[in-house]
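First comes the structure, then the notes that go with it.
The values are calculated or read from the model by the stated rules, or taken from the named source; none is laboratory data. Everything numeric here is computed off the predicted structure, so don't read it as measured data. Here the Cβ is made from the backbone with ideal geometry for all residues, glycine too, and neighbour counts use every protein chain on show. All accessible areas refer to the heavy atoms of the entire protein, side chains included, with ligands and DNA or RNA removed. Shrake-Rupley method; radii C 1.70, N 1.55, O 1.52, S 1.80 Å.
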Amino acid sequence: MALGLAELLSRQVERIGAFRPLVAGGDTPDPILTLLTERYRVELPVDELHGATYAEATALVTNGRREELISAIVARYREVERRCPAVVVVGSDFADGDGAGPRELAFNARLAIEFGSVVVPVVDGFDQPPEAVAAAMRGAYHDLADLGATVVAVVANRVPGPMTLPELPVPAYAIPEVPTVSAPTVAEVATALDATRLAGDRAALDRDVLDYVVGAAHVPTLLEHLTDGALVITPGDRADLLVAAGAAHVAGQVSLAGLVLTLGEQPDPRAMRLVERMNTGLAVLSVTSDSYDTVEASSRIEGRPSTANPRKVEAALGAFERCVDTDDLAARLRVTRSARVTPLMFENDLIDRARARRRRLVLPEGAEERILRAAEVLLRRGVAELTLLGRPDEIARRTRELGVDVGDAQLVDPAASEWRDEFAAAYAELRAHRGMTPELAHDIVAQPNYFGTMMVQAGRADGMVSGATHTTAATIRPAFEIIRTVPGVSVASSVFFMLLADRVLVYGDCAVNPDPDAAQLADIALSSADTAARFGIEPRVAMLSYSTGSSGAGADVEKVAAATELVRKRRPELLVEGPIQYDAAIDPQVAATKLPDSPVAGRATVFIFPDLNTGNNTYKAVQRSAGAVAVGPVMQGLRRPVNDLSRGATVPDIVNTVAITAIQAAAEASE
């Protein structure tokens, strides 16, 4: 719930804070505060984000100094509030406290009133019958309202199944139990058991443990009891069970979490060599305790979402966003949206906008690790419906090895697809003027990028994202051949969204056209302005040159001047300036000297570079020197969205690019 609310606020303000009235104290920082400060870049020390410890609170209340406690907590909160436009306050969790601290609901209600904050009470639905959960939701609302708190919604968290929500004056929501959120990872189990790792890499340790299976019987009995996500616990001398479990995992019968060998017995080296050659991707751990004690200790371990385990964070956010009307709740929080746009605000807004109008996108590199990890995030967050291209058995093998879940994605093998003949005939007709034959087309459309592009052309996908392993040319050439440019646009081009600390700029073209002429440069400017507007950036276009106004001469300056005039003729209402130097376009003080009457100078949001050499080097210089986040390249000017990834793209880069593509597809569907 804290993550979900922080995510909503981070889309509206440039900086959020986090606060807990009471924390356990001790050497370990509060895990919720740590997660919020790391994920949302809260620029305050964690030890300044709480009011008091439970021990301090208990001592004050016991001595009749309750009001002193309230005053101290409020004073600490005000210090955070003064430095943050919005603050997520995670109410005291009395179950975490010890002693006779202030346990009544009135404590949190009083603090909410003193803070001037609205309240979202969270009811624990774990292992509770629906009737009891509904009654608790009604009670929470009425108790808080009677105490004078302003309740904006009531949420039941971790409910076991569907339930009838109570009718209240405010929205009521139920979030189901998501096992992967609270499940420990193999690494957390290994740490808790002080285990020795015999096999498995970091990815193997990141797998979620959803169940425990003790192996003590014969192989057939073990196989009957294996479940997805199970950690198999068996004596170290049971080589038969070790090999059988590994084989069941590799064969796809089950997707295990890992294996723990007990009693300090080292497995037979021959069995371990066989398991390693099977490439199970599983961790094999060794502990000195027996199987009973190992299971008992393991079952007490509960995982927590953290920035070190982003999969749990995304699973938690996905559950929140599926079950809560985030638009309505955001409006009820009454936060004034900031005029500044930070990278986090922009990225979260992408996710939000893509979720609002979900599209189906195709990812041709379906078995690539980064694509699979990004696909899991995208599916959990509901960003888009996905089609992954590749052999289903190969994709299934890779997901087992990586421990990721892409079960909601459509898997299509281009070589074996029933669409191949249809696509080949259509491609042969499209390229007949270039001598394309049906036989050659049949081979070409089996290539993932061509097959994915044909899916977009045929309406079986709304857009495509590729390039994690393919070159830019291999990604966009099929789009140029099949999808082609928008009527009236002579050239497809690209932009980068440059996410600076307090704003987002648009750079074009930095990836596609080496040396556009004046007409092409005008098309790039118009396409870039449209892209900026589509993503909520008011387009003020700077046509860049080494000269500002009429201060310089030469063919390069004349090209930019001609392009600027073409833009003005074709779109008189668009704010455009050129030729203009970068400093005059970005810096109000320089602009006041060089072009004092320009509505663009010093305030430009869209920067059009005269050639690829200038654009590519400039975006990389700003990215590396100014610490900007570069999102792109984002293709524009095509009739359907196809976007290219850098081969060094990270999982967040892929998530952002897919979200952008989904937004482009939704916009084109409504035009």
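Determine whether segment 619-636 contains at least one residue that is of a type in the set (S, T, N, Q), within 24 Å of Arg370 (Cβ to Cβ) and within 15 Å of the chain's Cα centre (by Cα). No, there is no match, as no residue in segment 619-636 is of a type in the set (S, T, N, Q), within 24 Å of Arg370 (Cβ to Cβ) and within 15 Å of the chain's Cα centre (by Cα). Residue check: Ala204 meets all listed conditions (1) without any contact (Cβ under 8 Å) to a residue 12 or more places away in the chain; (2) within 16 Å of Ala183 (Cβ to Cβ) but one, namely (1).
Can you tell me which residue within segment 88-107, out of those that are open to solvent by 40 Å² or more (accessible area, probe 1.4 Å) and either assigned to a helix (DSSP H, G or I) or in contact with a His (Cβ under 8 Å, 6 or more places away or on another chain) (or both), is modelled with the highest pLDDT? Among those that are open to solvent by 40 Å² or more (accessible area, probe 1.4 Å) and either assigned to a helix (DSSP H, G or I) or in contact with a His (Cβ under 8 Å, 6 or more places away or on another chain) (or both), it is Leu105. Yes or no: Val181 over 30 Å from Thr326 (Cβ atoms) and open to solvent by less than 50 Å² (accessible area, probe 1.4 Å)? The answer is no for Val181.
Within segment 586-604, at least one residue is at positive phi, of a type in the set (Gly, Ala, Ser) and free of Cβ contacts under 8 Å to residues at least 60 places away in the same chain.
Across segment 33-46, which residue is farthest from Glu347 (Cα to Cα) among those that are in a helix (DSSP H, G or I) and touching a Leu at 6+ places or on another chain (Cβ under 9 Å)? Walk me through it before giving the result.
Of all residues in segment 33-46, those in a helix (DSSP H, G or I) come to 33-39, 46.
With the extra rule that they be touching a Leu at 6+ places or on another chain (Cβ under 9 Å), the set shrinks to 33, 35-37, 39, 46.
Numbers: Leu33: 22, Leu35: 18, Leu36: 17, Thr37: 17, Arg39: 13, Val46: 24 Å.
My answer is Val46.
Quick check on my filter: what residues within segment 151-194 are assigned to a strand (DSSP E or B) and either free of Cβ contacts under 8 Å to residues at least 24 places away in the same chain or small (Gly, Ala, Ser) (or both)? Ala156, Ala172, Ala174, listed by residue number. Under the condition of being within 26 Å of Phe607 (Cβ to Cβ) and touching a strand residue (DSSP E or B) at 6+ places or on another chain (Cβ under 6 Å), the residues counted in segment 459-475 number 5.
Residues that are in contact with a strand residue (DSSP E or B) (Cβ under 8 Å, 6 or more places away or on another chain) and outside any helix (DSSP H, G or I) were ranked within segment 291-332; the one that is surrounded by the fewest Cβ atoms within 10 Å (Cβ to Cβ) is Asp325. Among the residues making up segment 15-48, those that are open to solvent by less than 50 Å² (accessible area, probe 1.4 Å) and either more than 27 Å from Ile175 (Cα to Cα) or of a type in the set (Ser, Thr, Tyr) (or both) are Gly25, Thr34, Thr37, Tyr40, Leu44, Val46.
Among the residues making up segment 483-521, a single one is in contact (Cβ under 8 Å) with a residue 40 or more places away in the chain, part of a loop (DSSP other than H, G, I, E, B) and polar (S, T, N, Q): Asn513. All conditions in (1) in contact with a Lys or Arg (Cβ under 7 Å, 6 or more places away or on another chain); (2) buried (at least 22 other Cβ atoms within 10 Å of the Cβ) hold for Ala518, with the sole exception of (2). Listed by first and then second residue, the pairs with beta-carbon distance under 8 Å, at least 6 apart or on different chains, first residue in segment 412-427 and of a type in the set (Lys, Arg), second buried (at least 20 other Cβ atoms within 10 Å of the Cβ), are Arg420/Pro414; Arg420/Val445; Arg420/Phe451.
Given segment 418-476, what helices (runs of 4 or more DSSP H) lie entirely inside it while holding 1 or more residues that are touching a Lys or Arg at 6+ places or on another chain (Cβ under 8 Å)? Spell out the reasoning first.
Values: elements: 420-430, 438-444, 448-458.
Where helices (runs of 4 or more DSSP H) fall fully within segment 418-476 and carry at least 1 residues being touching a Lys or Arg at 6+ places or on another chain (Cβ under 8 Å), they are 438-444, 448-458.
Of all the listed residues (Val506, Val489), the sole one being over 22 Å from Pro364 (Cβ atoms), among the β-branched types (Val, Ile, Thr) and modelled with pLDDT of 95 or more is Val506.
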